[in-house]
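One structure is given here, and the rest of the page talks about it.
The values are calculated or read from the model by the stated rules, or taken from the named source; none is laboratory data. On a predicted model such as this, the values are computed, not experimentally measured, just so you know. A quick note on method: Cβ atoms are made from the backbone with ideal geometry, for glycine too, and the neighbour counts reach across all protein chains shown.
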Amino acid sequence: MGFYRLKVDVAGAVAATFLGLMGSHLAMAQAVASGSHNFVNTMRSSNVSHTFISQSVDGEFGKFSGTGSSKNNADAISSVGGLAPSSDSWRGFGIGTNFGLEVMKFIQFTGGHTFVSLRRNDDGLQTLSGSRLNAGARFVFMAPVANLELGGGILASRMDLVQEIKRADYFGSGMYYSMGMNYFLSSQVSIFGSIKTVQENLVKGSGNTTFERIRNDTTTIGTGFSIWL
């Protein structure tokens with residue numbers, strides 16, 4: 001009788017353990033299947049630094065200001081249609097790739113490159129396009145719905161300005177400030193949206209365009225995804 005009772009007790013313990021494990025696995029599977037940002041966010045360790053790669057697409061719009069020598073300004077006045085106003089509004093887009101390191105789930109250091117293409121609102125023949133390199137940092141504030149990210153950094157730019165048949169290249173630097181939200185689909189994939197303000201100063205290197213200096217004060221609104229390694 002003692003032997004049979006032992007078998008029953010062991011079988012009961014095994015069954016209880018099995019049911020407990022099944023319940024915990026089902027609960028975890030349901031949480032993962034629901035795509036819970038809060039679940040992933042909580043499970044990510046703050047003791048380990050995380051690296052990530054981000055791809056984004058931005059819409060950019062804002063104010064463009066240019067200054068030139070007295071000779072260039074006279075040429076601008078006499079040109080047909082006024083191809084080189086001293087100030088105007090511009091719009092366009094950017095495609096960016098960024099690399100980052102997250103420390104303690106709170107601080108992120110980022111750097112990357114963005115292809116930029118802008119054009120004057122009232123004149124598609126006047127365009128500004130090129131590349132921006134960026135480096136900066138941002139703070140991450142965890143939230144159940146989506147993490148809030150606030151940051152800023154510096155820019156280094158190389159742009160080409162086209163004014164109908166005139167062309168020139170420009171080099172410069174600037175600053176940006178950003179605010180965004182990041183949502184984890186899994187521990188390795190997240191999607192985000194961001195808003196940036198960009199202040200950029202450019203100086204002409206070579207070419208025959210009207211402007212010797214250009215200042216951009218623009219806003220970008222973008223979205224993209226990140227791969228966490």
Exactly one of Ile95, Ile53, Ile107 is of a type in the set (A, V, I, L, M), within 30 Å of Glu212 (Cβ to Cβ) and either in the same structural domain as Ser186 (by TED's automatic domain parsing) or modelled with pLDDT of 85 or more (or both), and that residue is Ile95
Flagged pairs (Cβ under 8 angstrom, 6 or more apart or on separate chains; first in segment 185-214, at pLDDT below 90; second acidic (Asp, Glu) and loosely packed, with under 14 Cβ neighbours inside 10 Å) are none
**Asked** Right, Ser186: outside any strand (DSSP E or B) and not basic (Lys, Arg) or not?
**Response** yes
Within segment 104-139, residues being exposed (fewer than 14 other Cβ atoms within 10 Å of the Cβ), part of a strand (DSSP E or B) and touching a residue at least 40 places away in the same chain (Cβ under 8 Å) number 1
So, first residue within 18 Å of Ser178 (Cα to Cα) in segment 44-60, second residue polar (S, T, N, Q) and surrounded by fewer than 18 Cβ atoms within 10 Å (Cβ to Cβ), Cβ within less than 6 Å, six or more apart or across chains; the pairs are Gln55/Thr97
State whether one or more residues within segment 146-157 are among the aliphatic types (A, V, I, L, M), farther than 16 Å from Ser54 by Cα, without any contact (Cβ under 8 Å) to a residue 12 or more places away in the chain and not in a strand (DSSP E or B). no
